[in-house]
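Taking it in order: structure first as structure tokens, then the write-up.
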Amino acid sequence: MLGSIDKGVDPKDIDAIYIGNFTNDFFVNQAHWGPIISDLVGHVPKPVTRTEGACASSALAFREGVFAIASGFYDIVLVGGLEQMSKRTTEEVAEGLGTAGSPYEVAAGFTFPGVFGTIATSYFAKYGTNRETLFNVTIKSHLNAPLNPKAQFPMTIRDFMNTRIEKCRQKGMPVPEWEDEKAFLRDVTVNPPIAWPMHLFDCCPISDGASCLLLVAEDIAKRFTDNPIYVAGIGQGSGYSLHATKNITSFEATKYAAQEAYGMSGFTPNDIQFAEVHDCFSMAELIHIEDLGFFKPGEGHKATAEGLTRLDGPKPINTSGGLKSKGHPVGATGIAQIYEVWMQLREKAGKRQIPNRNLRVGGAQNLGGTGGTCTFTILERR
Amino acid sequence: MNDRAFNDHSYEEFLKEKKIMGSKCKKCGALALPPRPLCVSCFNQDLEWVQFRGAGKLAAFTSIVIAPPSMAKEGFGKNNPYIVGVIELEEGPKMVGRIAGLDAKKPAEIDLGVALKAEFIYTDPGPDQKTYLVFRP
């Protein structure tokens, strides 16, 4: 992090740290991550605060950092997030993440893929589509991932197909033949069901990771860089459980967060040139791009099928590869998304840099639980 | 009945008595299931109990193959998936719950809108005995 600041920062000048973590308490039996990080990076005895908002934990850390600076209380704040999930079995991780569902969902036996699968059946019936439309989301995410050196799965779906074919050849097994990427995703031997209609390639992986950003007051920004990126708008909302929400195919928390961030920034959905959205499941991405106002309700799947959200499309979504292929260390994700927007706006995104565009405004939407907490953050290059 | 607090504890007590009970706002008539301690439409706290028939239709569902440990204990998992979903009750409110009597191995063949009826299921007798609902066609 220190090396990424153009003119450098003296760690002694950092006033406070805000760190997001969902449930390392469960994943690695260790709580109280604030002082652990403070101790590790030599920030003691200055303050550190942990924020929790399930998979939106670090977006809340980001907001706390913005509030602290906007209030005038601090000038230089480090915000970040972390999660270590790989020490547990898949079933245990599912149970740990499941604690962020509502008590009613947990009691009924829902899992996270199950909640998004449930939402998907409603979306399909309402808008006359089916599971095949979700393939477009997965294929698109995996086209971006190989361009991201930090991606957990830096492979296209075609790469997965070739790897599988090669493996079968080596083992002397019958070599599978798929007509195209969609045929591969249709094949339950390589893409087994998790929770209908969510199959393996609809779900983000179990990940370990951390993220951080330095926030400084506007009037001192030029001390650190000649090219600062500004926080134009922040929003956060809360949402009802699945049984109590009026509209199953929308998250009221995202809509509220978006309304707040648009209002603060003066931007409209059309002004957001690109965005990272919380694609914990393929289905979620379609809901988010509709809730954020990029596409009308029920139109997100068509836009994705038409390629509008691809890296070279008019509204690139999840240029990082998204949670699906970049990875989803839950407590780190919110700030990792904002980092991607920062990289794009600074034109530092390398091979995945959005081409031929004067990028000025980008957004990041983070979701926690089954929509219980959502944030939307708008960054701007001025 | 009216002296019970409008909360989850009372809801579960009623389930043991084979009753699905929610709250109704005496001012605006809004229903809540499970009950809420106040009306979230008009924030009135003058409530009454209302019994639901437990009849409704399937609004959305999933068939879970990768089961959490709590469900795996009951024998659910890769070879024995189970269905959970959202049920829209005829009185209006929705519930989430387990659904039986539909083929969890053929979820693509299940249509939304199927009529469902609640059934009371009791876990093993003892101090931790629980009652929960399963919905069936």
Requested in this report: Assess whether A:LYS126 counts as being among the basic types (Lys, Arg), in contact with a Ser or Thr (Cβ under 9 Å, 6 or more places away or on another chain) and buried (at least 19 other Cβ atoms within 10 Å of the Cβ).
Outcome: no
Query raised in the report: How about the range A:277-382: which helices (runs of 4 or more DSSP H) wholly inside it have at least 3 residues that are more than 16 Å from A:GLY233 (Cβ to Cβ) and of a type in the set (S, T, N, Q)?
Result: none
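Working only within the range B:22-37, note down all residues that are aliphatic (A, V, I, L, M) and either touching a Phe, Trp or Tyr at 6+ places or on another chain (Cβ under 7 Å) or free of Cβ contacts under 8 Å to residues at least 12 places away in the same chain (or both).
Residue satisfying the conditions is B:LEU33 alone.
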Query raised in the report: From the set of residues in the range A:346-378 that are farther than 26 Å from A:ALA61 by Cβ and basic (Lys, Arg), which is nearest to the chain's Cα centre (by Cα)?
Result: A:LYS351
Query raised in the report: Quick check, is A:PRO314 modelled with pLDDT of 95 or more and under 24 Å from A:PRO355 (Cβ atoms)?
Result: yes
Report summary line: Going through (1) more than 23 Å from A:THR373 (Cα to Cα); (2) free of Cβ contacts under 8 Å to residues at least 24 places away in the same chain one by one, A:TYR74 fails only at (2)
Requested in this report: Answer yes or no as to whether B:VAL50 is part of a strand (DSSP E or B) and either loosely packed, with under 12 Cβ neighbours inside 10 Å or more than 14 Å from chain A (Cβ to nearest Cβ) (or both).
Outcome: yes
Report summary line: Among the residues of the range B:63-97, the number that are among the basic types (Lys, Arg) and touching a helix residue (DSSP H, G or I) at 6+ places or on another chain (Cβ under 6 Å) is 0
Report summary line: Going through (1) surrounded by fewer than 19 Cβ atoms within 10 Å (Cβ to Cβ); (2) in contact (Cβ under 8 Å) with a residue 40 or more places away in the chain; (3) not small (Gly, Ala, Ser) one by one, B:LEU15 fails only at (1)
Query raised in the report: Which residues, counting only those in the range B:22-47, are within 14 Å of chain A (Cβ to nearest Cβ) and part of a strand (DSSP E or B)?
Result: B:GLY22, B:SER23, B:LEU31, B:ALA32
Requested in this report: Just one of (1) within 13 Å of another protein chain (Cβ to nearest Cβ); (2) more than 30 Å from A:THR121 (Cβ to Cβ) trips up B:ALA72, so point out which.
Outcome: (2)
Requested in this report: Filter the range A:166-197 down to residues that are surrounded by 13 or more Cβ atoms within 10 Å (Cβ to Cβ), farther than 13 Å from A:ARG131 by Cβ and within 14 Å of chain B (Cβ to nearest Cβ), then give me how many there are.
Outcome: 1
**Report entry** B:GLN45, sole failed condition from (1) out of contact with any Pro (no Cβ under 9 Å at 6 or more places or on another chain); (2) not assigned by TED's automatic domain parsing to the domain that holds B:GLY92
**Finding:** (1)
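I'd like to verify a number: residues in the range B:98-133 that are in a strand (DSSP E or B) and at positive phi, how many?
Step one: list which residues in the range B:98-133 are in a strand (DSSP E or B), which gives B:98-99, B:115-122, B:131-133.
Of the ones still in play, those that are also at positive phi are none.
The number of residues fulfilling the criteria is 0.
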Query raised in the report: Under 6 Å by Cβ, and 6 or more places apart or on different chains, what pairs join a residue from the range B:91-110 that is closer than 14 Å to A:ALA195 by Cβ with one that is assigned to a loop (DSSP other than H, G, I, E, B) and aromatic (Phe, Trp, Tyr)?
Result: B:PRO107/A:TRP196
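The values are calculated or read from the model by the stated rules, or taken from the named source; none is laboratory data. Bear in mind the structure is a predicted one, so any value in this text is a computation, not a measurement. Using ideal geometry, Cβ is built from the backbone for each residue, glycine included, and neighbour counts are taken over all protein chains shown.
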